[in-house]
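The structure appears below as structure tokens.
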Amino acid sequence: MTGISQTQIIQDLIDRLTRLSAAEEWNGPLNPSQFAALSYLSRANRFSRAPSHVADYLATTRGTASQTLKALSRKELIKETRSDTDKRSIRYDITSEGSDILKTASGLSGVIETLDQETSQTLADSLKSLVLAMLQHRGGRSFGVCKTCRHHQKTETGGYCQLLEVPLSGSDAGQICHEHAL
């Protein structure tokens, strides 16, 4: 392709892939933003499910995230839990109905699963680098998996977060955390 930069080609391909994926998500009971929020909540640890965390992860405003969470709650796909110690603090947990919606594999997932291991790993590494560079450029958080964080200390039962000073179960260590740091 003459006259088109490699940067433009990559940007166009990412944009096209995003639109194809969003169009597929729109065919269900959720719009793409609701699907993204539900997916995030299903993979976020217990410390990372506040409305502000959802907004940060989705790179949206808190008002937009709040409206998305309200819609998911009305559809009974998530439930709101207030902290016993601070009634202003809210956490959202996914319901069994919400989990069921996420069990249906997307077309994108199916295509990715057909890639050979080397291509899949190269793609994952490249996209991770691109996302981290973009987050750094925007001053955002990485929201990585606990066990890949510099604050994570591996234990026989899962781990220990040295930043929050709390033990982590095996499932906690494999979930997304808003405090993640490389």
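The values are calculated or read from the model by the stated rules, or taken from the named source; none is laboratory data. Model, not experiment: these values are computed from the prediction. Because the Cβ atoms are built from the backbone with ideal geometry, glycine has one as well, and the counts that use them run over all protein chains shown. Accessible surface is based on the protein model in full, side chains and every heavy atom, while ligands, DNA and RNA are left aside. Shrake-Rupley method; radii C 1.70, N 1.55, O 1.52, S 1.80 Å.
Considering Asp86, Asp93, Asp56, the condition of being in a strand (DSSP E or B) and acidic (Asp, Glu) is satisfied by Asp93 alone.
Every condition in (1) closer than 24 Å to Asp172 by Cα; (2) crowded, with 18+ Cβ neighbours inside 10 Å holds for Ser33 except the one numbered (1). Of the residues making up region 149-180, those that are under 15 Å from the mean Cα position of the chain (by Cα) and polar (S, T, N, Q) number 1. Against the list (1) open to solvent by 80 Å² or more (accessible area, probe 1.4 Å); (2) part of a loop (DSSP other than H, G, I, E, B), the condition Arg49 fails is (1). Let me confirm something: among Ser142, Ser83, Ser99, Ser106, which residue is in contact (Cβ under 8 Å) with a residue 60 or more places away in the chain and of a type in the set (S, T, N, Q)? None of the others qualify; the one that does is Ser106. Residues of region 13-30 that are within 22 Å of Ser96 (Cα to Cα), within 17 Å of the chain's Cα centre (by Cα) and open to solvent by 40 Å² or more (accessible area, probe 1.4 Å): Glu25 alone.
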